[in-house]
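**Student:** What follows is a structure written as structure tokens; I'll ask about it next.
The values are calculated or read from the model by the stated rules, or taken from the named source; none is laboratory data. Since this is a predicted model, take the numbers as computed values, not measurements. Note that we place each Cβ from the backbone using ideal geometry, even for glycine, and neighbour counts take in every protein chain shown.
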């Protein structure tokens, strides 16, 4: 059997009060926590076969790709200066060494089939395990911060509630998957990014732009898919121990491996921080975090994962995974302590009777629980789960043409809530059809879907994408897509803020892009516009959910990567203009809350024998913390330095200094971010 392909992945902000408390706001108030081995083996098909075995008629032969890292030269850490620095760096990327490896990676999420990343019509990015380890990031939100199209807000540091705005849309407008299972909570529609452990992640795929025609409701801004850690090769253990500022203590380890026939892995990770004072404090009613509590707000997370699979024959493969993360979090507010539990179970069966046909069946379940505790016996809680199943057929209808058809079923259940919702379950069934083709220099992707929602009836969505190779590695693309989002249980039935008459949100998006890739370098530019009807937001004046009749988001994303004189460089710069465009509204032309108009990230890494060094510069422009644009949050820029020394092929020592210049800044008004922090770790990982 062939070896695996070798290739280098709404309640915005945070709310400190009980679920459903009048001051709890999706847009304006905080939530109660609701190897560096080039050529690392990646199982694209999911069953140990080469990518050509599971998608022979569409994907051209993959070129092996080296792992590309990233760093940047020192600069003044202001958001405008950072943007200029990233802009200045991008043209220089074309000067890459001719001998540098191609930057190809594999992407599954953009089409629900494996394709080469550079063949994706939808703008996309993959962060693999080697890049995760090289970054030395301590959290998923830290790993994603500043990447193309991503705005992040965080309410008080490690483990505190984080909101991700993809291309300027609401944080509930991004579908988040773990091994194909949706983890957005059924009550709020949000994913608990802060509790997803990096130690358990193999790769992250980010697809920007509407994806409802493939994934159904909620995918207005895009899709982020997280794949749990995959162990291959001889069975062997791996572990990492570390510590740092603010009482940081981390430990992770596991064992796993596999053969062409089967594979298995088990991992466990623990993270503890004494934290910082999450909120700078105000005891004024409806101001800041509603409390003045000058103390450290700590965080703990314990996570476990299992993943395995077996090739029953050349035609049949089964695999499954399980992830559980338990968090304990202190913060400032009406409630000041929470316990969260997040669990994801996924199973898959694949049948490939011929090179022209693959049938895949998936089942999954996600559980989210949150218990929030305050002074004087106050308590709020929510427990939800989602069961899901899907069946997909991929049919090679002709050379270079693939037809995919499938059905998705899910049921959301609110198992318990202190808010006492009137409706606690609903089902959704979606059917979809997708066509992918290559005709000479042209590439086409078209998809259509209908979702039958138990509460809101039928909703049809579609997308059409085209790309053309112009020669010399130059490529242009254009796409258009529609999407929708059904209101969450909280939007509708929260006894304090819910409005039962809310309608589903609908969107239309267009994207134009140009990109070029050469031997060891690449750059790309995408411009887009998204128009949303009936955008669901929170009205701080009435403490109720409301619908913005018209919202318009325009943006541009400039990215580049190269190897120049031994330096591995990645640069990303995003401009976002998210506005309320409701005629006659007092908030007409206001910015949508908590979205910075500029974000940038510049990473550079360099290896010197057994020693490796790098830095990350990232930042964002100003933003407004409220829909009225009365509370401005200033821009910022930070510099992180990192180093790694290989004592032996298996043992490494790692060091990192984050926020080198001890910059004070906020991404949510009143809520602090960590100052300068130090980390030191030791890692054992057989190569």
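**Student:** If residue 260 passes every condition in (1) surrounded by fewer than 16 Cβ atoms within 10 Å (Cβ to Cβ); (2) in a strand (DSSP E or B) but one, which one does it miss?
**Tutor:** If we test residue 260 against (1) surrounded by fewer than 16 Cβ atoms within 10 Å (Cβ to Cβ); (2) in a strand (DSSP E or B), just (2) comes out false.
**Student:** Take the range 494-534 and flag every residue that is surrounded by fewer than 23 Cβ atoms within 10 Å (Cβ to Cβ), within 25 Å of residue 585 (Cα to Cα) and under 24 Å from the mean Cα position of the chain (by Cα).
**Tutor:** Once the filter is applied, which keeps residues that are surrounded by fewer than 23 Cβ atoms within 10 Å (Cβ to Cβ), within 25 Å of residue 585 (Cα to Cα) and under 24 Å from the mean Cα position of the chain (by Cα), the range 494-534 yields 504, 506, 508, 529, 531.
**Student:** Shifting gears a bit: Scan 655, 643 and give me the residue that is surrounded by fewer than 17 Cβ atoms within 10 Å (Cβ to Cβ), within 24 Å of residue 250 (Cβ to Cβ) and at pLDDT 95 or above.
**Tutor:** 643
**Student:** Follow-up. Which pairs do you get when a residue that is on the phi > 0 side of the Ramachandran plot and at pLDDT 95 or above, found in the range 101-113, comes within reach of a residue that is assigned to a strand (DSSP E or B) and surrounded by 24 or more Cβ atoms within 10 Å (Cβ to Cβ), reach meaning Cβ atoms under 9 angstrom, with the pair 6+ apart or on two chains?
**Tutor:** If the second residue must be assigned to a strand (DSSP E or B) and surrounded by 24 or more Cβ atoms within 10 Å (Cβ to Cβ), the pairs left are 112/394; 112/432.
**Student:** Specify which of the listed residues (569, 536) is part of a strand (DSSP E or B), farther than 18 Å from residue 499 by Cβ and in contact with a helix residue (DSSP H, G or I) (Cβ under 7 Å, 6 or more places away or on another chain).
**Tutor:** It is 569.
**Student:** Considering only residues that are under 16 Å from residue 446 (Cα atoms) and in a loop (DSSP other than H, G, I, E, B), look in the range 115-145 and name the one that is nearest to the chain's Cα centre (by Cα).
**Tutor:** 123
**Student:** Here's something else I'd like to know. Take the residues in the range 617-627 that are in contact with a strand residue (DSSP E or B) (Cβ under 8 Å, 6 or more places away or on another chain) and in a loop (DSSP other than H, G, I, E, B), then tell me which one is farthest from residue 592 (Cα to Cα).
**Tutor:** 621
**Student:** Could you list, in sequence order, the residues of the range 539-566 that are assigned to a strand (DSSP E or B) and over 20 Å from residue 629 (Cβ atoms)?
**Tutor:** 556, 557, 558, 559, 560, 561, 562, 563, 564
**Student:** Condition check: exposed (fewer than 14 other Cβ atoms within 10 Å of the Cβ) and out of contact with any helix residue (DSSP H, G or I) (no Cβ under 7 Å at 6 or more places or on another chain). Does residue 474 satisfy that?
**Tutor:** Answer is yes for this residue.
**Student:** Filter the range 658-687 for residues that are farther than 19 Å from residue 638 by Cβ and in a loop (DSSP other than H, G, I, E, B); which is modelled with the highest pLDDT?
**Tutor:** Filtering first and then ranking leaves 685.
**Student:** May I ask you to verify whether residue 630 is more than 22 Å from residue 557 (Cα to Cα), out of contact with any helix residue (DSSP H, G or I) (no Cβ under 7 Å at 6 or more places or on another chain) and assigned to a loop (DSSP other than H, G, I, E, B)?
**Tutor:** Criteria met by residue 630.
**Student:** Follow-up question, since we're still on this one. I want to confirm something. Restricting to the range 208-236 and keeping residues that are in a loop (DSSP other than H, G, I, E, B) and touching a helix residue (DSSP H, G or I) at 6+ places or on another chain (Cβ under 9 Å), which single residue is nearest to residue 319 (Cα to Cα)?
**Tutor:** This residue is 230.
**Student:** Of these, 132, 150, which one is at pLDDT 95 or above and under 24 Å from residue 564 (Cβ atoms)?
**Tutor:** 132
So that you can scan it fast, the table gives a plain yes or no per residue for (1) surrounded by fewer than 24 Cβ atoms within 10 Å (Cβ to Cβ); (2) modelled with pLDDT of 95 or more; (3) touching a helix residue (DSSP H, G or I) at 6+ places or on another chain (Cβ under 6 Å); (4) under 15 Å from residue 153 (Cβ atoms):
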site	(1), (2), (3), (4)
169	no, yes, no, yes
175	no, yes, yes, no
180	yes, yes, no, no
206	no, yes, no, no
